[in-house]
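The values are calculated or read from the model by the stated rules, or taken from the named source; none is laboratory data. None of the values given here were measured: they were computed from a predicted structure. Positions of Cβ are generated from backbone atoms using ideal geometry, with glycine treated the same way; all protein chains shown enter the neighbour counts.
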Amino acid sequence: MQTVKDEDGQVTSRVRRTLLPGGLRVVTEQMAGVRSASVGVWVAVGSRDESPTLHGCSHFLEHLLFKGTRERSALDISVALDAVGGEFNAFTAKEYTCFHARVLDEDLPLAVDVIGDMITSSTLAEDDVEAEREVILDEIAMHDDDPDDAVHNLFAQQAWGDSPLGRPIAGTQASITALTRAQVLRFYKRHYRPANMVVTVAGNVDHASAVRTVRRAFGRNNFLVGDEPPVRPRVGTEARRVSAGESHVRRPFEQVNLVLGVRGITRNDPRRFVLGVLNTALGGSTSSRLFQEVREHKGLAYSVYSFASHHDDAGVVGVAVGCLPAKVDDVLETVRGELAKVAAEGITEEELVRGKGQMRAGLVLGLEDSGARMSRLGKAELVYDELLSIDEILARIDAVTLTEVKDLAAELFTQPELLAVVGP
């Protein structure tokens, strides 16, 4: 159990964990002073777990679980949460899938029951598969029409090639068209099992009551029968290599969108806090170097930012810019110049202080609602295998030094670069 108290010694949050039969983990955080509750079901499967013939299956399945169960139709599922004003959604990432809801505390049993019903008892009817196939094809087309989505997908493909990490999460028109109900059903039965899942709840909740609610909701169809050891998080010791080079795709957009980057670090690398400070100073805010130089001083682009993407055994660090076609060369020259400068000189003391301040505030302010707390619990249990307290994270941010930032910048930004360009 993890307990947090305020200056007066009053408990402001309490984290507890229970392992249910079948290996299903339940983690809750009781938050003082709130009347909401958020629940998430985190499944340790994502697009990187798909073979080429199953490309897009995780995302397809995420859609299909909303289409109906033995007890509820698709409309029943929607109405149940709408009737109590709840927020209800899901998303698929490269390494996990999440189904989540945010409701008033009194409606938490309903939210858990609906999600539990979807996870354990979806019918995956043939008609629903065919109908949702068309929806997903439309979604893929929508992402292809979004310049930012298109260039980041191209960047991932350049980095990791025709591997699960390099492929778009939603699949392609060809892969989604070819998927059959039988393939999706086998994927569902293989991956959607209790030992592969974590249920996280945060807000005005009682742990024992939440565990009973989860046990009832996930007890359908003997889902919790047996005791399997929970799946342990995937942990990589070093980021896998990326394929340096350039990729260009011609699109009839008004702007050119580009991403310039290098190999980064893994999700569990202890230097991730150092990288957070470096990223903030480089292009994570309006006071950052790239924003000031590219937009404010030279007027080369409206949108410019840096980012760090982490996986268990891979990572990239990059800069994304959207600009007019005539300014591409100047943008690239400016960005490359700033990366070379930070690699050679590091950042200033002022940038270090500002970067730490932005990270501290972003962390604390971002955890003031139950949904953010629920997500923190899920990722900690499913992908990090540890739950750092807020104070521990703040201490690690505060401990970052100028020397550490300079050393990491020198290591990262002297590597061969990757460039993805989408536009006219």
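So that you can scan it fast, the table gives a plain yes or no per residue for (1) at pLDDT below 95; (2) surrounded by fewer than 22 Cβ atoms within 10 Å (Cβ to Cβ):
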residue: Leu278; (1), (2): no, no
residue: Gly283; (1), (2): yes, no
residue: Ser288; (1), (2): yes, no
residue: Tyr302; (1), (2): yes, yes
residue: Asp330; (1), (2): no, yes
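Within region 379-424, being of a type in the set (A, V, I, L, M, F, W, C), in a loop (DSSP other than H, G, I, E, B) and surrounded by 15 or more Cβ atoms within 10 Å (Cβ to Cβ) holds for Leu387, Val400, Phe413.
Just one of the listed residues (Val205, Val198) is β-branched (Val, Ile, Thr) and in contact with a Gly (Cβ under 7 Å, 6 or more places away or on another chain), namely Val198. Answer yes if at least one residue in region 237-253 is under 20 Å from the mean Cα position of the chain (by Cα) and buried (at least 21 other Cβ atoms within 10 Å of the Cβ), and no otherwise. Checked against the condition, which is being under 20 Å from the mean Cα position of the chain (by Cα) and buried (at least 21 other Cβ atoms within 10 Å of the Cβ), region 237-253 yields no hits at all.
Ala80 - would you say it is surrounded by fewer than 22 Cβ atoms within 10 Å (Cβ to Cβ) and closer than 26 Å to Thr28 by Cα? Yes, satisfied.
Within this structure, Arg216 passes the test of being in a helix (DSSP H, G or I), more than 25 Å from the chain's Cα centre (by Cα) and closer than 18 Å to Phe99 by Cβ. For beta carbons closer than 7 Å, sequence separation of 6+ or different chains, a first residue in region 166-191 that is more than 12 Å from Leu124 (Cα to Cα) and a second that is among the hydroxyl-bearing types (Ser, Thr, Tyr) and surrounded by 15 or more Cβ atoms within 10 Å (Cβ to Cβ), the qualifying pairs are Arg167/Ser47; Ile169/Ser47; Ile169/Thr92.
Restricting attention to region 182-203, the residues that are under 21 Å from the mean Cα position of the chain (by Cα) and of a type in the set (S, T, N, Q) add up to 2. Of the residues in region 183-191, none is crowded, with 19+ Cβ neighbours inside 10 Å, at negative phi and either in the same structural domain as Ser370 (by TED's automatic domain parsing) or touching a Gly at 6+ places or on another chain (Cβ under 9 Å) (or both).
Could you list, in sequence order, all residues of region 75-85 that are over 15 Å from Thr120 (Cα atoms) and out of contact with any Asp or Glu (no Cβ under 6 Å at 6 or more places or on another chain)?
Filtering region 75-85 for residues over 15 Å from Thr120 (Cα atoms) gives 75-76, 78-85.
Hits for region 75-85 are Leu75, Asp76, Ser78, Val79, Ala80, Leu81, Asp82, Ala83, Gly85.
Going through (1) within 18 Å of the chain's Cα centre (by Cα); (2) closer than 16 Å to Arg17 by Cβ; (3) buried (at least 20 other Cβ atoms within 10 Å of the Cβ) one by one, Pro233 falls short only on (3). Here Glu381 fits the description: acidic (Asp, Glu) and either under 20 Å from the mean Cα position of the chain (by Cα) or within 18 Å of Ala420 (Cα to Cα) (or both). For the residues Val364, Val383, Val422, the requirement of being within 21 Å of Gly264 (Cα to Cα) and touching a residue at least 24 places away in the same chain (Cβ under 8 Å) singles out Val383.
Apart from one condition, Gly371 fits all of (1) small (Gly, Ala, Ser); (2) surrounded by fewer than 15 Cβ atoms within 10 Å (Cβ to Cβ); (3) within 24 Å of the chain's Cα centre (by Cα); the exception is (2). Scanning region 157-182 for residues that are crowded, with 18+ Cβ neighbours inside 10 Å and on the phi > 0 side of the Ramachandran plot turns up just one, Gly171. Within region 269-304, being assigned to a helix (DSSP H, G or I), closer than 16 Å to Glu349 by Cα and in contact with a helix residue (DSSP H, G or I) (Cβ under 7 Å, 6 or more places away or on another chain) holds for Val274, Leu275, Gly276, Val277, Leu278, Thr280, Ala281, Leu282, Arg289. From the list Ala83, Ala131, Ala111, Ala141, the lone residue that is out of contact with any Ser or Thr (no Cβ under 7 Å at 6 or more places or on another chain) and under 30 Å from Val421 (Cα atoms) is Ala141. Helices (runs of 4 or more DSSP H) fully within region 116-182 that include at least 3 residues being within 20 Å of Val316 (Cα to Cα) and at pLDDT below 95: 147-160.
The test for being touching a Phe, Trp or Tyr at 6+ places or on another chain (Cβ under 8 Å), under 30 Å from Gly423 (Cβ atoms) and of a type in the set (Ser, Thr, Tyr) does not hold for Ser287.
Applying the set (1) among the charged types (D, E, K, R); (2) assigned by TED's automatic domain parsing to the domain that holds Leu382; (3) modelled with pLDDT of 95 or more to Glu254 leaves exactly one unmet item: (3). Pairs linking a residue in region 129-148 that is in contact (Cβ under 8 Å) with a residue 40 or more places away in the chain and surrounded by 14 or more Cβ atoms within 10 Å (Cβ to Cβ) to a residue that is part of a helix (DSSP H, G or I) and hydroxyl-bearing (Ser, Thr, Tyr), with Cβ atoms under 9 Å and 6 or more positions apart or on different chains, are Arg133/Thr177; Leu137/Thr177.
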